[in-house]
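> Below is a structure I'd like to ask you about.
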Amino acid sequence: MNLVHVNGADLAYDEAGVGPAVIFVHAGAGDRRMWDDQFDGLAGQYRVIRYDQRGFGGSGDAAGEYRHYADLLGLMDALDIDRATLVGCSMGGSYALEAALAAPGRVSGLVLICSGLSGREWPESMRARAAREVHSAVPAERLRAYAARTREPDPADVEAMAVAQARFLVPEPSELVLDMLRGVFRRTWTGPQRTERHLEPGPTGRLGEVVAPTLVVNGLLDVPEIQEVSALLSAGITGARRLDLPDAGHLPPVERPAKVTAVLRGFLTELHSGDERRALA
């Protein structure tokens, strides 16, 4: 693990390989470990980087105001990466999309896996289901105390929320998924108060401005309302291609690692073959 200081926070990252840069942006339900297979599998052909967002994994706490997409671009600056393909899962996909809109010349390709979309309100149907299947795992008064940082989290509550969230997102959660979620809730309930900001104007009404070649990957076992985001992205981004995975929920890089690595290899091969043809023209 390496550390780099970006926008006031220490970000933990791993780097391997040489060639065109590929940066993996993890889900809000995980950390950089979710890319184990893809990181190792693509390092023979590409310069691969995976990192923990501030407040996750080995990175420093998220405190005050911050913007994850700005941290992503700042990481590229710190590592002397002019252009990269960004591969993001869940809210990591939304941060990659924001970066592509904020600095279009720096993003050579986008892969959005079960992506979120900042600025889009989740439908009442999803909020109600999450309240019933996830938030009910811990009594409401304790959740409020944890959110206010007025009570140390009970390890049993951390475990209960991790299990409930995992089952909400993934049909058959692995130990890695559970361990990542334990870390997410532990950090969320013990870290300093923080305010996340997003790109303004946001991506919701700007999908037609994305110029990077884009692949949208959707898990057909994912939450239906999240699958609706994949439909919006593939319809709104000019030329975007969509791939539906019939045997994956919300975290395909962990659930179906070999399949996702193969899909990424094919996308990157086609993307950079096009670069070579343009260079020879």
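> When you look at residue 214, is it in contact with a strand residue (DSSP E or B) (Cβ under 6 Å, 6 or more places away or on another chain), touching a residue at least 60 places away in the same chain (Cβ under 8 Å) and of a type in the set (Val, Ile, Thr), yes or no? Spell out the reasoning first.
Details: in contact with a strand residue (DSSP E or B) (Cβ under 6 Å, 6 or more places away or on another chain): yes; touching a residue at least 60 places away in the same chain (Cβ under 8 Å): yes; of a type in the set (Val, Ile, Thr): yes.
Answer is yes for this residue.
> Continuing with the same structure: Please work out which one of (1) within 24 Å of residue 173 (Cα to Cα); (2) touching a Leu at 6+ places or on another chain (Cβ under 6 Å); (3) open to solvent by 20 Å² or more (accessible area, probe 1.4 Å) is the condition residue 216 fails and give its number.
(3)
> Look through 50, 33, 54 and report the one residue that is buried (at least 23 other Cβ atoms within 10 Å of the Cβ), of a type in the set (Lys, Arg) and not in a strand (DSSP E or B).
54
> When you scan region 5-24, how many residues do you find that are in contact with a helix residue (DSSP H, G or I) (Cβ under 6 Å, 6 or more places away or on another chain) and open to solvent by 20 Å² or more (accessible area, probe 1.4 Å)?
2
> Residues 199, 178: which one is of a type outside the set (Phe, Trp, Tyr) and either open to solvent by 60 Å² or more (accessible area, probe 1.4 Å) or within 20 Å of residue 93 (Cβ to Cβ) (or both)?
Every option except 199 fails the conditions.
> Restricted to region 65-89, and to residues that are open to solvent by less than 20 Å² (accessible area, probe 1.4 Å) and of a type in the set (Gly, Ala, Ser), which residue is farthest from residue 250 (Cα to Cα)?
Checked region 65-89; the qualifying residue farthest from residue 250 (Cα to Cα) is 74.
> Select from region 119-161 the residues that are within 16 Å of residue 184 (Cβ to Cβ), in contact (Cβ under 8 Å) with a residue 40 or more places away in the chain and surrounded by 15 or more Cβ atoms within 10 Å (Cβ to Cβ) and list them in ascending order.
146
> Can I ask one more? Given the structure, is residue 186 open to solvent by 70 Å² or more (accessible area, probe 1.4 Å), within 18 Å of the chain's Cα centre (by Cα) and of a type in the set (Lys, Arg)?
no
> In addition: Run down 204, 269 and say which single residue is of a type in the set (Val, Ile, Thr) and either over 22 Å from residue 41 (Cα atoms) or surrounded by 13 or more Cβ atoms within 10 Å (Cβ to Cβ) (or both).
204
> What residue, of 226, 237, is within 30 Å of residue 58 (Cα to Cα), β-branched (Val, Ile, Thr) and crowded, with 20+ Cβ neighbours inside 10 Å?
226
> If you don't mind, another one. Does residue 112 satisfy the condition of being at pLDDT 95 or above, among the aliphatic types (A, V, I, L, M), touching a Ser or Thr at 6+ places or on another chain (Cβ under 7 Å) and not in a loop (DSSP other than H, G, I, E, B)?
Answer is yes for this residue.
> Taking into account only those residues within region 92-118 that are among the small types (Gly, Ala, Ser) and in contact with a strand residue (DSSP E or B) (Cβ under 6 Å, 6 or more places away or on another chain), which is surrounded by the most Cβ atoms within 10 Å (Cβ to Cβ)?
96
The values are calculated or read from the model by the stated rules, or taken from the named source; none is laboratory data. Since the model is a prediction, treat every value here as computed from it, not as a measurement. Positions of Cβ are backbone-derived with ideal geometry, glycine not excepted, and every protein chain shown enters the neighbour counts. Ligands, DNA and RNA are stripped out before the accessible areas are found, and what is left, the full protein with its side chains, is counted by its heavy atoms. Shrake-Rupley method; radii C 1.70, N 1.55, O 1.52, S 1.80 Å.
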